[in-house]
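Here is the structure we will look at.
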Amino acid sequence: MKHSREGKVIALLVYVDDIIVIGDDEEEQMLLKRNLALEFEIKNLGILRYFLDIEVAYSKDGIFLFQRKYTLDLLAET
């Protein structure tokens, strides 16, 4: 996690070969992605929809996390 002097935050979340870059400074996010691309082969998949079987939904009230698909799959199995 990186904190700027202006109080802005950038976080890099990594799980095996999946990465999420989040924060409140778009310019700093782009800089981080460019620097990562110099060292690694990366793809920008756009707006986050799923991560580790967690669905991500966006609204004017904030960001919501759901495990609906995981739950339905689990119920179907049993």
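The values are calculated or read from the model by the stated rules, or taken from the named source; none is laboratory data. None of the values given here were measured: they were computed from a predicted structure. Please note: Cβ atoms are built from the backbone with ideal geometry, for glycine as well, and neighbour counts cover all protein chains shown.
Here is a yes/no grid of residues against (1) touching a residue at least 12 places away in the same chain (Cβ under 8 Å); (2) in a loop (DSSP other than H, G, I, E, B); (3) within 16 Å of the chain's Cα centre (by Cα):
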{"site": "V14", "(1), (2), (3)": "no, no, yes"}
{"site": "I19", "(1), (2), (3)": "yes, no, yes"}
{"site": "E28", "(1), (2), (3)": "yes, no, yes"}
{"site": "N35", "(1), (2), (3)": "no, no, no"}
{"site": "L45", "(1), (2), (3)": "no, yes, yes"}
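Every residue in the stretch 1-15 that is surrounded by fewer than 12 Cβ atoms within 10 Å (Cβ to Cβ), of a type in the set (A, V, I, L, M, F, W, C) and modelled with pLDDT under 90, please. Once the filter is applied, which keeps residues that are surrounded by fewer than 12 Cβ atoms within 10 Å (Cβ to Cβ), of a type in the set (A, V, I, L, M, F, W, C) and modelled with pLDDT under 90, the stretch 1-15 yields only M1. Scanning the stretch 41-69 for residues that are of a type in the set (D, E), closer than 23 Å to D24 by Cβ and either surrounded by 10 or more Cβ atoms within 10 Å (Cβ to Cβ) or assigned by TED's automatic domain parsing to the domain that holds L31 (or both) yields a total of 1.
Filtering the stretch 22-40 for residues that are loosely packed, with under 12 Cβ neighbours inside 10 Å, assigned by TED's automatic domain parsing to the domain that holds E6 and more than 27 Å from E6 (Cβ to Cβ) leaves a non-empty set.
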